[in-house]
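Here's the structure we're looking at; comments come further down.
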Amino acid sequence: MDVVFVQVHVKPKAVAAFLEATRENARHSQQEPGIARFEVYQQNEDPTHFILLEAYRTAEGPARHQGTPHYLKWREAVASMMAEPRAKVVYQNRHPSDEGM
C-alpha cells in the first residue's frame, strides 16, 4: 500500500473555498475502489496549511485517482487558491508481517 502526503499552502482569503472544494473531492475519492483512505487535515497554528492523506490499495491507484472527474474538477478549482505549489511525499507501508521486517 502506498500512502501519499500532499502538503498544501493556501492563500488566506481562499481557505474556506479550498476546504469546501477539498471536502467534496475527498467524499468522492473515498468511494474509489483503489483508495483505502482519503483524509483532509488543517494545521491548528496556521489554518492556511493542509495535509491530504491518501492511502492507495495498489500502485496504479494514484494515477487512476488523478484521472477521475472529481479530481480534475478539484485540481482546476483550487489551482488559483495555492500560495505555492503543492508538494507530495510518497511512503510505502512496511507492516511488521511484510517479508524482510
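The values are calculated or read from the model by the stated rules, or taken from the named source; none is laboratory data. None of the values given here were measured: they were computed from a predicted structure. Using ideal geometry, Cβ is built from the backbone for each residue, glycine included, and neighbour counts are taken over all protein chains shown.
Points worth noting:
- Strands (runs of 3 or more DSSP E) contained entirely in the chain, each with at least 1 residues that are touching a residue at least 60 places away in the same chain (Cβ under 8 Å) and among the charged types (D, E, K, R): 2-9, 87-92
- Residue, farthest from the chain's Cα centre (by Cα), within segment 3-18, restricted to residues that are surrounded by 17 or more Cβ atoms within 10 Å (Cβ to Cβ) and over 20 Å from P69 (Cβ atoms): V10
- Yes/no for A77 being of a type in the set (G, A, S), under 14 Å from the mean Cα position of the chain (by Cα) and either closer than 15 Å to V6 by Cβ or surrounded by 12 or more Cβ atoms within 10 Å (Cβ to Cβ) (or both): no
- Test: residue in segment 52-60 that is within 14 Å of the chain's Cα centre (by Cα) and exposed (fewer than 13 other Cβ atoms within 10 Å of the Cβ): no
- One residue alone among E20, E39 is at pLDDT 95 or above, in contact with a Leu (Cβ under 9 Å, 6 or more places away or on another chain) and not small (G, A, S), and that residue is E39.
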